[in-house]
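The structure appears below as structure tokens.
The values are calculated or read from the model by the stated rules, or taken from the named source; none is laboratory data. What you see is a predicted model, and the numbers here were worked out from it, not measured in a lab. Here the Cβ positions follow ideal geometry from the backbone for every residue, glycine too, while neighbour counts run over all protein chains shown.
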């Protein structure tokens with residue numbers, strides 16, 4: 001396992017974060033400080049599993065997390081736009097090339113785990129237990145609570161080891 005990184009979202013300003021890195025999960029500090037407003041957040045080391053994975057968010061302790069590829073959306077849009085602009089002059093081969101680039105990037109780029117509640121990003125932790133990709137049902141239940149109209153109850157113990165959503 002390489003270096004772990006925790007980026008704790010802060011409400012003081014858009015994109016303000018407390019950023020902490022450590023060689024291993026056990027080496028993370030007890031608290032992190034926002035670079036924008038100096039607010040301190042106490043970390044929850046009990047959310048790190050024996051194998052170095054996550055059973056919940058290190059910043060807020062919530063058990064609902066989701067996995068995503070760490071890829072800038074603007075780069076993906078730029079690749080698609082460039083392929084579309086080149087499509088007529090390349091007999092549409094550029095669209096196939098863009099799809100191939102996307103496939104290669106998808107398999108090459110690392111994943112990060114994000115908290116549904118506070119938006120904290122966790123990088124470099126063990127993949128076990130695996131957290132599923134983003135599930136809008138979970139996000140809406142956490143955002144709207146009892147007002148959310150959903151058929152299934154929340155999973156006991158959070159998303160650790162849960163399957164990917166069916167939609």
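Does segment 71-90 contain any residue that is assigned to a strand (DSSP E or B) and either in the same structural domain as residue 138 (by TED's automatic domain parsing) or closer than 22 Å to residue 111 by Cβ (or both)? No, that holds for no residue.
Taking segment 33-52 as the search range and keeping residues that are part of a loop (DSSP other than H, G, I, E, B) and at pLDDT 90 or above, which one is surrounded by the fewest Cβ atoms within 10 Å (Cβ to Cβ)? Ranking the qualifying residues of segment 33-52, first place goes to 50. Checked against (1) assigned to a loop (DSSP other than H, G, I, E, B); (2) surrounded by fewer than 13 Cβ atoms within 10 Å (Cβ to Cβ), residue 58 passes all but condition (2). With respect to (1) out of contact with any helix residue (DSSP H, G or I) (no Cβ under 7 Å at 6 or more places or on another chain); (2) modelled with pLDDT of 95 or more; (3) closer than 29 Å to residue 162 by Cβ, the lone exception for residue 89 is condition (3).
Of the residues making up segment 13-32, those that are loosely packed, with under 13 Cβ neighbours inside 10 Å and assigned to a loop (DSSP other than H, G, I, E, B) number 6.
Looking across 145, 124, one residue alone is over 26 Å from residue 77 (Cβ atoms) and touching a helix residue (DSSP H, G or I) at 6+ places or on another chain (Cβ under 9 Å). It is 124. Consider segment 1-12 and keep the residues that are surrounded by 12 or more Cβ atoms within 10 Å (Cβ to Cβ) and at pLDDT 90 or above. The one that is farthest from residue 60 (Cα to Cα) is 4.
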